[in-house]
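**Student:** I am attaching a structure below and will ask some questions about it afterwards.
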Amino acid sequence: MDLALQGSLLDLADEMTLREVPVGLRRTHLGLGAWVDVRPGWLAAGDELFTALLRDVPWHAERRQMYDAVVTVPRLTRFYAAGERLPHPMLDQARDALSAHYRDELGEPFVTAGLCLYRDGRDSVAWHGDRVGRSKDLDTMIAILSLGSARTLTLRPRGGGSIPGTRHKSLRFPLAHGDLVVMGGSCQRTWDHAVPKTSEPVGPRISVQFRVAGVR
């Protein structure tokens, strides 16, 4: 696959490592019982992981029914179910670290990993909530490790409209190489999120989404 990552000039770590989750962690309360945590630079020196995932993951181009046509999803994907071997040991470490940090709030470990490859600014994911399974009715958490080029995660109240108490239609969370974002509480039920297309000359990005059992 002819994609490459330009290494970050800001990440000066010599060895790939996960930094402590709570250091620099910022929580934004969205209302309606939803919240978002952002931990910038959680993974240090992540170029090796990005390159390995790009090379080793058997990326798949999904096709879905859209109204009267079958269309290709504008990103590549691979889902690793509970118990399935992950493509790099750093992902096991990340999943274990997240399970340990959020144990008291979440009450169960993260067990699956969904990977998305955004090849350039034309790849995207439309507004949606992860509401397949238990998350349709119950609070949960989705933890995302962002690798590669910076992209923006946007959130808005489910069904559109302005954010309660403001005139804003959406919130924007720019995610850079190695950043962690966690959507928790009622976020999947009461808010939608998206990664919009961009005309900016961005390179490839990999999103690793950790979930609990029975949530997609």
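**Student:** Tell me, please, whether a residue that is surrounded by fewer than 18 Cβ atoms within 10 Å (Cβ to Cβ) and touching a His at 6+ places or on another chain (Cβ under 9 Å) can be found in the range 147-156.
**Tutor:** There is at least one residue in the range 147-156 that is surrounded by fewer than 18 Cβ atoms within 10 Å (Cβ to Cβ) and touching a His at 6+ places or on another chain (Cβ under 9 Å).
**Student:** If I ask for residues that are crowded, with 19+ Cβ neighbours inside 10 Å and of a type in the set (D, E, K, R), which ones from the range 159-180 would you list?
**Tutor:** D179, the sole residue that qualifies.
**Student:** Could you grab me the full set of residues in the range 181-192 that are touching a helix residue (DSSP H, G or I) at 6+ places or on another chain (Cβ under 8 Å) and buried (at least 21 other Cβ atoms within 10 Å of the Cβ)?
**Tutor:** Passing the criteria: V182, G184, Q188.
**Student:** Only one of G160, G129, G203, G133 is touching a residue at least 60 places away in the same chain (Cβ under 8 Å) and at positive phi. Can you tell me which?
**Tutor:** G133
Since every read-out is calculated from the coordinates, none of them should be taken as a lab result. Quantities reported herein were computed from a predicted structural model and do not represent experimental measurements. Methodologically, a virtual Cβ is constructed for each residue, glycine included, from the backbone with ideal geometry; neighbour enumeration extends over all protein chains shown.
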